[in-house]
Amino acid sequence: MENFFFKQAQKIWKNSTMDATLESLELELNIHKKLLSIFQVGDFYYFIFNVAEANFEFISAEVGSVLGYDPNTITANEFLENIHLEDQPYFLNFENCLNVFFRKLQPNQIENYKVCYDFRVKNKNGKYVRILHQLVALQYDESYNITRTLGIHTDISHLKTNGIPVLSFIGLNDEPSFINVKPEMIYLPVKEFFSKREKQILKYLCEGKNSSEISIALYISKFTVDTHRKNMLMKTNTRSAVALVMKSLHEGWI
């Protein structure tokens, strides 16, 4: 089941590829050259991402030691689902900014830029790991729509223990770099993730109240309460009030 967050990311990726034509992937030598240009010391894995199809085409086996995921079964939807809720808006805003940035480049500049930003993702054991996400364009069509990217995820939990995610575009081959880029905040940070009414309903859910009791307390209809509850489940990718409350307590939203 695709979650709300993944659907938003999918829209950004679809917009970035538009009517792009995918070519066959016979780029092994090129991949290794690019790996040398973005490699960082530390526990890492690399992957090839199909932007048009919004999914991984390949993930190296090291993802098992970094995050505990099975490289043969993990999907983009499942991966994004595990990104910390507070970092999800940053991820979407960064991806949107990335799309805008690359569209402004000249064709001969596309391969000379590396995208860098960080976020927290939950590993197989339920612990959050801070990942340095580094990305380069691996393939693009004749209209310069990027169709495949090559990425490396490095565990930097020991280097950055707190703070918000940061985006940079690193120039290669003498291109200028842009550090700590401030993207357009299209997607709201977690403190604004829930509406005022949703926060009120969440508070009552934590107190064990049902929809009828909440509707009486807030002087709104039970239908309105149920609608807000459904929206909150979708936003948080949970399937029940109990799961919503447990996740809210675990993530510190309340």
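The values are calculated or read from the model by the stated rules, or taken from the named source; none is laboratory data. Computed from a predicted structure; not experimentally measured. For neighbour counting, all protein chains shown are included, and Cβ atoms are generated from backbone atoms with ideal geometry for every residue, glycine included. Side chains included, ligands, DNA and RNA excluded: accessible areas come from the protein's heavy atoms. Shrake-Rupley method; radii C 1.70, N 1.55, O 1.52, S 1.80 Å.
Would you calculate the separation in nanometres between label points at Arg197 and Thr75, each defined as 7 Å from the Cα along the Cα-to-beta-carbon direction?
Spacing of the two 7 Å Cα→Cβ label points: 3.2 nm.
So, taking all protein chains as they sit and a 1.4 Å probe, how much accessible area belongs to Ser221, in Å² rounded to tens?
Number for this one is 60 Å².
In a Gaussian network model over the chain where Cα atoms closer than 10 Å are linked, find which of Gln139, Gln200, Gln88 has the largest mean-square fluctuation.
Gln200
How do Met246, Met185 rank by accessible surface area computed with a 1.4 Å probe, from largest to smallest?
Solvent-accessible surface, decreasing: Met246, Met185.
Run lengths n ≥ 4 of DSSP H only: what is the helix-derived mean residue ellipticity at 222 nm for the chain, with -39500 (n - 2.57) per run over all residues, to the nearest 500?
Here the helix-only value at 222 nm equals -11500 deg cm²/dmol.
Quick one: among Ile156, Ile164, Ile48, which has the greatest mean-square fluctuation in a GNM of the chain with alpha-carbon springs under 10 angstrom?
Ile164
What FRET efficiency do you get for Cys206 and Lys160 if R0 is 35 Å and r is their Cβ-Cβ distance, rounded to the nearest 0.05?
Between Cys206 and Lys160 the formula returns 0.65.
Full extension from Glu175 to Val242: what is 0.36 nm times the residue separation minus their Cα-Cα distance, to one decimal in nm?
Contour length minus the Cα-Cα distance gives 19.0 nm.
Can you give me the distance in nm between label points at Lys14 and Phe223, each placed 7 Å from the Cα along the Cα-to-Cβ direction?
Here the modelled spin labels are 3.0 nm apart.
How would Glu86, Glu184 rank on accessible area, largest to smallest, probe 1.4 Å?
So, going from the largest accessible area down, we get Glu184, Glu86.
Of the options Pro89, Val129, Met234, report the single residue whose Cα projects farthest towards the positive end of the charge dipole of the chain (beta-carbon charges: Lys, Arg +1; Asp, Glu -1).
Met234
Considering only Ile146, Phe58, Gly42, whose Cα is most displaced toward the positive end of the charge dipole of the chain, charges sitting on Cβ of Lys, Arg (+1) and Asp, Glu (-1)?
It is Gly42, whose Cα lies furthest towards the positive end.
Which longest run of the chain has no exposed loop site in it, a site being trypsin sites (Lys or Arg not before Pro) in a DSSP loop with at most 15 other beta carbons within 10 Å, and the site itself not part of the run?
1-103
With charges only on Cβ, +1 for K and R and -1 for D and E, what is the dipole size of the chain about its Cα centre, in debye, rounded to 20?
That gives the chain a dipole magnitude of about 1320 debye.
Give, rounded to the nearest 20 debye, the magnitude of the charge dipole that the range 118-217 has about its Cα centre when Lys and Arg contribute +1 at Cβ and Asp and Glu contribute -1 at Cβ.
740 debye
Over the range 209-254, what percent of the accessible surface lies on carbon and sulfur atoms, probe 1.4 Å?
62 percent
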